[in-house]
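Q: There's a structure below that I have some questions on.
The values are calculated or read from the model by the stated rules, or taken from the named source; none is laboratory data. A quick note: this is a predicted structure, and the numbers were derived from the prediction, not measured. Note that we place each Cβ from the backbone using ideal geometry, even for glycine, and neighbour counts take in every protein chain shown. We work out accessible area using only protein heavy atoms, side chains counted, and drop any ligands, DNA or RNA first. Shrake-Rupley method; radii C 1.70, N 1.55, O 1.52, S 1.80 Å.
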Amino acid sequence: MPARQGRLRHPSGPGSGRPDFLDATFPGDGRPARRPRRIAAHDEEYVVTSPASTLAFVESPVQLLNVLEWAHAQGIRPDTAGPAEVLLDGVPGQPPAGRGPGDEGSDPVPFGGLSIVILPPTDPMSRGQLRRVAAIARDEGFTVCWREARGGSLAPLKALASLLGQVRRARRIVIGDPFSRFVQLLLLRAGAKDLVVVDDGTATMEFIAQLGRGERLRRWHRSAAGGLGRARELLFAPVSGNARRRLTPRGEGRVEVFTSMPVAALPGMTLRVNDFGWTRARFGPPRLTKGTDLVGTSLVETGVVDADRYQDAVVRLCRAHGATRYFAHRRESAEKLRRLSEVTGLEIVRPDLPLELIARRGPVGRTIVSFPSTVVHTLPYALQGTGVTVAVCDIDPRWLTGSASPRAQSFLAGVTDTARDVRRLAIAAG
């Protein structure tokens, strides 16, 4: 492939000099994001005092997007998303004695009142994407609350104290990351009998598998902890055990999983398919380019894949498929991306929204090539009917680092093997 001058394109976001996500507009919308009622001058955190019967906790842009998808699938519209004056055409009938709105067997709409709490990570790219998806959520009419639970020894305690009242009152809790220790702490005080887990990408597959085997909840790419890490796990074990019990379907209470991943429901669990209906209705269809787009992965940053092997694979994919753009994962390091740009001539794009929204808005290549990741499951839904082909390249076992989890190869192979409506590519290794 002839060498091209690589470019690093970084849309408005971290490093753009515009830290306030509330001023963002989005192509095709023509509408500015709505402002919250009160904003702290020193940060993005803002306060919402109105009660909500459904409380959602998210820690990543993809989780927040999937809460919006869940709300759309549930029929929770902006006019039921928050407190508002409702004028009835007539006098409604009274519910049977002993039952009220939201009781078992009643219409789920009274569960409306959705409040979304963002517990942001510390890395700038994730925070930037979260700000922009939060702006879209507010523009849709939903209540969004930003809570800093990291970045200092007192931050988790302050966030817990500010949320406990809402957690106790909520009748339904939506969780974006069941592996999150902070969310597991909140579940200790939750009175809700209805729990919903929305997709956190391929981690959902491991969550269901661990729950079914009765194992403690642990991220698949984590190696066995030793020393201080092991001591912390033992100390936190009662909290994690409580979360596992709460999320395991039992006689009373309901557990729902809303996912695009190919998982089977456990006995007593409700499984609903996330087909990205809101994304398809809200954005696009996209304009298509003649080239091929590559989707980056953070497997190098998580210590699963060797950096040099990964770079070689990207070079080979570029040569084989004529790729022109590389959509970076939000956790990929700047140094790694700089090297890829120099070696391949690819245009490196740092998306300011989850890739499902970026691709749906376009422009996007007629072919999108990815390594095993969440997008090989979500993009076929989001790009349904657009003519875009999603292709996946397996991870060669020789690329794995010595510190990779023993389960890494089987897990990544499973991500690829279960993907629907994608084209399988030969391993890009020489």
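Q: Residues that are free of Cβ contacts under 8 Å to residues at least 12 places away in the same chain and of a type outside the set (Lys, Arg): list the helices (runs of 4 or more DSSP H) wholly contained in the stretch 343-430 that include at least 2 such residues. Show your work before the answer.
A: Details: elements: 355-361, 375-382, 408-417.
Of the helices (runs of 4 or more DSSP H) lying wholly inside the stretch 343-430, those with at least 2 residues that are free of Cβ contacts under 8 Å to residues at least 12 places away in the same chain and of a type outside the set (Lys, Arg) span 408-417.
Q: Sticking with this structure for a sec: Would you be able to tell me the number of residues in the stretch 272-294 that are within 16 Å of the chain's Cα centre (by Cα) and crowded, with 18+ Cβ neighbours inside 10 Å?
A: The number of residues fulfilling the criteria is 4.
Q: Now, a different point. Could you list all residues from the stretch 145-190 that are within 22 Å of GLU256 (Cα to Cα), of a type in the set (A, V, I, L, M, F, W, C) and not in a helix (DSSP H, G or I)?
A: Within the stretch 145-190, ALA170, ILE173, VAL174, ILE175, PHE179, LEU188, ALA190 qualify.
Q: Something else: What residue, of ARG189, ARG172, ARG168, is in contact with a Lys or Arg (Cβ under 7 Å, 6 or more places away or on another chain), closer than 29 Å to MET269 by Cβ and modelled with pLDDT of 90 or more? Before you say what the answer is, go through the steps one by one.
A: Numbers: ARG189 fails: modelled with pLDDT of 90 or more; ARG172 fails: in contact with a Lys or Arg (Cβ under 7 Å, 6 or more places away or on another chain).
One residue alone meets the criteria, ARG168.
Q: Could you list all residues from the stretch 396-430 that are closer than 21 Å to ARG218 by Cβ, surrounded by 13 or more Cβ atoms within 10 Å (Cβ to Cβ) and more than 22 Å from the chain's Cα centre (by Cα)?
A: LEU400, THR401, ALA404, SER405, ARG407, GLN409
Q: Given the residues ASP312, ASP308, which is the only one that is without any contact (Cβ under 8 Å) to a residue 40 or more places away in the chain, on the phi < 0 side of the Ramachandran plot and either among the hydroxyl-bearing types (Ser, Thr, Tyr) or not in a loop (DSSP other than H, G, I, E, B) (or both)?
A: Numbers: ASP312 fails: without any contact (Cβ under 8 Å) to a residue 40 or more places away in the chain.
That would be ASP308, the only listed residue that is without any contact (Cβ under 8 Å) to a residue 40 or more places away in the chain, on the phi < 0 side of the Ramachandran plot and either among the hydroxyl-bearing types (Ser, Thr, Tyr) or not in a loop (DSSP other than H, G, I, E, B) (or both).
Q: Moving on. What tally of residues in the stretch 159-198 results from selecting those that are small (Gly, Ala, Ser), open to solvent by 20 Å² or more (accessible area, probe 1.4 Å) and in contact with a helix residue (DSSP H, G or I) (Cβ under 7 Å, 6 or more places away or on another chain)?
A: Number satisfying all stated conditions: 1.
Q: Can you pull out every residue in the stretch 304-344 that is among the charged types (D, E, K, R) and open to solvent by less than 20 Å² (accessible area, probe 1.4 Å)?
A: To start, the set of residues in the stretch 304-344 that are among the charged types (D, E, K, R) comprises 306, 308-309, 312, 316, 319, 325, 330-332, 335-336, 338-339, 342.
Those that are among the charged types (D, E, K, R) and open to solvent by less than 20 Å² (accessible area, probe 1.4 Å): GLU332, LYS336.
Q: Report yes if some residue within the stretch 251-271 is over 27 Å from LEU187 (Cα atoms), open to solvent by 30 Å² or more (accessible area, probe 1.4 Å) and either among the acidic types (Asp, Glu) or without any contact (Cβ under 8 Å) to a residue 40 or more places away in the chain (or both); otherwise report no.
A: Taking the stretch 251-271 and keeping what is over 27 Å from LEU187 (Cα atoms), we get none.
Within the stretch 251-271, not a single residue is over 27 Å from LEU187 (Cα atoms), open to solvent by 30 Å² or more (accessible area, probe 1.4 Å) and either among the acidic types (Asp, Glu) or without any contact (Cβ under 8 Å) to a residue 40 or more places away in the chain (or both).
Condition check ((1) modelled with pLDDT of 90 or more; (2) open to solvent by 40 Å² or more (accessible area, probe 1.4 Å); (3) not acidic (Asp, Glu)) across all residues:
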site	(1), (2), (3)
LEU130	yes, no, yes
VAL133	yes, no, yes
PHE142	yes, no, yes
ALA155	no, no, yes
MET205	no, no, yes
LEU234	no, yes, yes
